[in-house]
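A short worksheet on the structure shown next.
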There are 4 protein chains.
Amino acid sequence: MIDYQNVINTIHNDLKDEVARGVVASYIPELADIDANNFGIHLRLMTGETFATGDWNKKLSIQSISKVLTLAMVLPMYPENLWQRVDVEPSGNPFNHLSLLELENGIPRNPLINAGALVIADILVSLLDNPKEDFLNYVRSVVDDPTINFNEAVANSERLTGYNNYAAANLLKAYGNLKNDVDDVLDFYFHQCAIEMTCEQLTKAFFMFANHGNCCQQNKLISESQAKRINAIMLTCGFYDEAGEFAFEVGLPGKSGVGGGIVALLPNHFTISVWSPGLNPQGNSMLGMKALEQFTSMTKLSIF
Amino acid sequence: MIDYQNVINTIHNDLKDEVARGVVASYIPELADIDANNFGIHLRLMTGETFATGDWNKKLSIQSISKVLTLAMVLPMYPENLWQRVDVEPSGNPFNHLSLLELENGIPRNPLINAGALVIADILVSLLDNPKEDFLNYVRSVVDDPTINFNEAVANSERLTGYNNYAAANLLKAYGNLKNDVDDVLDFYFHQCAIEMTCEQLTKAFFMFANHGNCCQQNKLISESQAKRINAIMLTCGFYDEAGEFAFEVGLPGKSGVGGGIVALLPNHFTISVWSPGLNPQGNSMLGMKALEQFTSMTKLSIF
Amino acid sequence: MIDYQNVINTIHNDLKDEVARGVVASYIPELADIDANNFGIHLRLMTGETFATGDWNKKLSIQSISKVLTLAMVLPMYPENLWQRVDVEPSGNPFNHLSLLELENGIPRNPLINAGALVIADILVSLLDNPKEDFLNYVRSVVDDPTINFNEAVANSERLTGYNNYAAANLLKAYGNLKNDVDDVLDFYFHQCAIEMTCEQLTKAFFMFANHGNCCQQNKLISESQAKRINAIMLTCGFYDEAGEFAFEVGLPGKSGVGGGIVALLPNHFTISVWSPGLNPQGNSMLGMKALEQFTSMTKLSIF
Amino acid sequence: MIDYQNVINTIHNDLKDEVARGVVASYIPELADIDANNFGIHLRLMTGETFATGDWNKKLSIQSISKVLTLAMVLPMYPENLWQRVDVEPSGNPFNHLSLLELENGIPRNPLINAGALVIADILVSLLDNPKEDFLNYVRSVVDDPTINFNEAVANSERLTGYNNYAAANLLKAYGNLKNDVDDVLDFYFHQCAIEMTCEQLTKAFFMFANHGNCCQQNKLISESQAKRINAIMLTCGFYDEAGEFAFEVGLPGKSGVGGGIVALLPNHFTISVWSPGLNPQGNSMLGMKALEQFTSMTKLSIF
């Protein structure tokens, strides 16, 4: 029987004073101002037990972690041709992400790179009456917490400086793979990324992927098969060009965000979230990666 | 002594009933509506003599031909670091033009591809008090014709559908190689492309490149060295991924536009323009390419 | 309790008369001559029970499946810098596999693409006294079957026509990432690919990856951690540019070969092999992919 | 009237003590041992006059300069489908030269990059009875000098270490764009590159390109049209990824070799060769580039 509290305490103690914490994202002031010393872990077992340490109860900007939630929202609503608009293959190199789009005629490699998430956002903008509000309400209901909200200042800063996302959205539009106005899609996208959650809320949000599609309140939000497929996409595509490394070193489906959060999960067993704002050169939380490596080494719990 | 009128008449007769005329650009209605049967040639010798045939006196949308004129305008004004913001190498493949930008950190390959022309446009927007008006006046003075104007409907259509250019401009902005607002630069760029000229005006506009930097009115607008360098850039980069083919088959510096115009020149000898709206798969006027091949074959006049 | 025999019989019946069987590899006569109607399945549980149907007892050319076995052989022998000579990231697009090598300075993306397997082969040629014999003996001992052998005619045909592999090996050599003679490395590589096994032997060969590193005879050949990491590499990289698709549709670590074989596994539960020589456009056995999709759908057994 | 002797003396004096001379090619000992202080210039006017300075009479390894001569030899012999096996477009980036081959299905961008020159070599191996001897005799007759020869030690060293060329040749073979044995083609290619000439012999060798296809002895070796086309290819493709820069700064068709030689020409006027073994980062003779820039600046003689 694993003493989970002891495991995460050990990891927290080992890493909390680490000097090499990576670099906090600085492209917008709202992220740059986050204290690099934040470090929290939250673990939620399928049994309902939870374990936490450090700054598990502070809000962080979920950023790209939101891409998994928009995918989960769209899957039950969308006709089968979703997978004609976005593929499920790892993207390999991010250094020429737009070139891949060009080489492959505007079909993004997968829904977890920016271009793919923009296509998913476009679909939601088409399907929802009030896209931003509806998605926010979806997240609130998944987590069972009506206090979750956008950080409007973050969304606005992204809108003012997100030139790479404007470039990607316009390129998708040029290929006919964006149906709505570029500005509408990006407004939705910048808001989905600007949602704030605590580590505790994140392990709730991803509970359905570990639990056959059922969220914490045991409502079936996605089918078992959809849950498995989202896990497969997370495993192969969830960590930019470090996806292979994460599978190799950690061995769990998961997703990182530029705010320093990572959520990962073992189907039927647990969800776990880690937050430390400093990023490694690949854009993933440096302590977060280490903490999860240590967690699967100590517990020997991985999908492999 | 070459009978130039006879030469261009022969070419015009040979080609004017050609069935395979390529495809008229259709991405905006203002270009799609042009009659594909238009076909004009205008030749201007350094001596001042001119020769013309066909639709040489109808207005066409100069489109990318304008990139040579913005380059000519900026060169005498701009400090030496221009060539740190844009290179002078052929771009090779257009099918992944944005990927090249990414691989090369936002430095466009040359000023005649769209990304490079956007950087030149950005510089002009910085340097000029009233960028659009000032550039239009520059073109009018180069050609000595105050009636030259923008086609505002064309500029507006480009603004509404030019997603690829929005993508390129935003990518340049993401790399810090665009100083002004994306929208301001694109507004300027869409207007420069929307200038209309006749074949006769085009041979006047390019006269300075064949005449050591002196325009028709014999004002020195650029130095002899700048004229030579612009010619070198036209020869190696003026025809998208058909630059090598044009050098190989025609052997003259020149520039084409998606409106079906081509201007070419032999230094110290002549400028020549051809217009036929149908484009070959590489985006260059199909009859225009053939007419110029025939012209240099018949006259044996080329830089090689 | 799952009736495995019934499951694989059902799959076999559903698919055995399928008309769309893909295309048998034809680049060498020895593969082209294989009867496209061959179709076998073999399943081996961790408990020792086995289930089989169809042509499970005929020999097939394992081809790229051998790459997992050379990796398993080298891992316990090799100093830590192995992962400086080959990475563990998915390669994405195979259509420009050599270009990736160039862009990344001769470091192959992972050990399961050809270039990566050539680096592993190079290491084995350096470490082993009699590389081909020693590797063959390793495979024989893993499977506990001394009759396993090379098909010399296949190896020889590959040697005569494997220009892509010669290109890759020479490019690796140019980057200094091949220590031995190109011809020696390729001779080893063509032999490892030319090993023949039955479906039954394949489920034995991969038993260690599902069984914490212990082979059928319960000898520990690799550590538990090494087994997990090889599984992670198989999942993210085992199916060329269909790795994401396989993870998405099947959800098991596995490896395919151009001979039409596929081996996959669920850690702690089973290994399974399928053989049908016809390949889909991505180079993976067409019926093999379908059979495994059906298997995980029916049994709901996958890592996700 | 230009005092050519004075011009080249001035250039030689200005540059001969230059400290920044680039780096001598060191990948084979025969090139690495060349004295970096060598510096020669030879100029040959169409009138027959010649001017020379420095080490114009020492032998240098012509290397890639030979590619223009194999092209000149093959053009009059070869049926029209030559241009289906190799294109005439600038290659842009050399850093991923094999990737371009892959993206474009084994059709090299132009005959002056290595892959393209290998295709030309393959054609000559097919057409000639004794390829190496016949090509050597061709060069001897073009220059009217029977003492020109291969440096067998250079050819042999290239054979032992030319992994990049082996990679390119095998990749061409894999695409079916090499008809003969890889080793036979490379043996021919390594020999063509290993020819040695003096600066004086080089201006003779390229005389036909400036003289309407007639060599020094006034024999018509290629047609006027073929001469023009070879000049066009040299201008757009003769200097690796510095072709645009050379056209921009110098403005003459030309070709460089890794032995430090450069030959350039102005049609109807002159051929000029420069030799200095130190190379700039793009692989072209550093002093050679500067000397030619200075030459066209001082004389104002360029094609533009």
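The values are calculated or read from the model by the stated rules, or taken from the named source; none is laboratory data. This is a predicted model, so every value here is computed, not measured. For neighbour counting, all protein chains shown are included, and Cβ atoms are generated from backbone atoms with ideal geometry for every residue, glycine included. In case anyone asks, the SASA skips ligands and DNA or RNA and just uses the protein heavy atoms, side chains included. Shrake-Rupley method; radii C 1.70, N 1.55, O 1.52, S 1.80 Å.
A simple spin-label model places the labels of C:Lys179 and C:Ser223 2.1 nm from each other, with each point 7 Å out along Cα-to-Cβ. Between C:Thr161 and A:Gln84, the FRET efficiency from the beta-carbon distance, with R0 = 60 Å, is close to 0.95.
Its relative contact order, with pairs defined as Cα atoms under 8 Å and 6+ residues apart, puts chain B at 27 percent. FRET efficiency for C:Ala36 and C:Asp145, Cβ-Cβ distance as r, R0 = 25 Å, nearest 0.05? After rounding, the FRET efficiency stands at 0.40.
Excluding C:Asn137 itself, calculate the net charge of residues whose Cβ lies under 15 Å from the Cβ of C:Asn137, where each Lys or Arg counts +1 and each Asp or Glu counts -1. Every neighbour counted, the sum reads -3.
Beyond 23 Å, what share of the Cα-Cα pairs of the stretch A:1-125 remains, rounded to the nearest whole percent?
Details: 4237 of 7750 pairs.
The share of Cα pairs beyond 23 Å in the stretch A:1-125 comes to 55 percent.
Among residues other than A:Glu200 with Cβ under 14 Å from its Cβ, the summed charge is -1 (Lys and Arg +1, Asp and Glu -1). A convex hull fitted around the alpha carbon atoms of the protein assembly as shown yields 183 Å³ per residue.
Peptide D:154-165 has a mean of 2 when you count, residue by residue, the C-beta atoms of other protein chains within 10 Å of its C-beta. Rg/Rh, computed from the Cα trace of chain D with Rh as the Kirkwood radius, has the value 0.94.
So if the hydrodynamic radius of the stretch A:115-215 is defined as the Kirkwood radius over C-alpha pairs, what does Stokes-Einstein give as its diffusion coefficient at 25 °C and 0.890 mPa s, in µm² per second? Write down the numbers at each step before the final one.
On the way: Rh = 14.4 Å.
Answer, rounded: 170 µm²/s.
If you plug the beta carbon distance of A:Asp134 and A:Leu301 into 1/(1 + (r/R0)^6) with R0 = 41 Å, you get a FRET efficiency near 0.70. Given the pairs B:Lys220/D:Lys290; A:Lys179/A:Lys220; C:Lys220/C:Lys300; B:Lys59/B:Lys255, which span a C-alpha to C-alpha distance of over 21 angstrom in this model? Table pairs above 21 Å Cα-Cα are B:Lys220/D:Lys290; A:Lys179/A:Lys220; C:Lys220/C:Lys300.
Any idea what angle helix B:152-161 forms with the longest principal axis of chain B, computed on alpha-carbon atoms, 0 to 90 degrees, nearest 10? That works out to roughly 60 degrees. The peptide list C:20-28, C:204-212, put in order of mean Cβ contacts within 10 Å with the highest first, becomes C:204-212, C:20-28.
Decide, for the stretch C:159-304, between rounded, prolate and oblate: order the square roots of the alpha carbon gyration tensor eigenvalues as a ≥ b ≥ c, take rounded if a/c falls under 1.5, and otherwise choose prolate if a/b is larger than b/c, else oblate.
Values: a/c = 1.89, a/b = 1.44, b/c = 1.32.
Since a/c reaches 1.5 and a/b is larger than b/c, the shape of the stretch C:159-304 is classed as prolate.
Evaluated with a Cβ-only charge set (Lys, Arg +1; Asp, Glu -1), the protein assembly as shown carries a dipole of roughly 0 debye about its Cα centre, given to the nearest 20. Peptide C:235-248 shows a mean partner chain C-beta count of 6 within 10 Å per residue C-beta.
Between A:Met1 and D:Val23, the simple spin-label model (points 7 angstrom out along Cα→Cβ) gives 6.5 nm.
Summed over both chains, the area buried between C and A is near 2800 Å², taken from the accessible surface of protein heavy atoms with a 1.4 Å probe.
With a 1.4 Å probe and all protein chains left in place, how much of the accessible area of chain B comes from carbon and sulfur atoms, in whole percent?
That fraction is 47 percent.
Counting Cβ atoms of other protein chains within 10 Å of each residue's Cβ and taking the mean over peptide A:42-54 gives 0.
Taking amide H atoms as placed 1.01 Å from N in the peptide plane, list the residues 5 or more away in sequence, or in a different chain, whose amide H sits under 5 Å from that of C:Asn149. Result for C:Asn149 returns C:Glu196. Taking every DSSP helix (H) stretch of at least 4 residues in chain C, weighting each as -39,500 (n - 2.57) and dividing the sum by the residue count yields a mean residue ellipticity at 222 nm of -13500 deg cm²/dmol.
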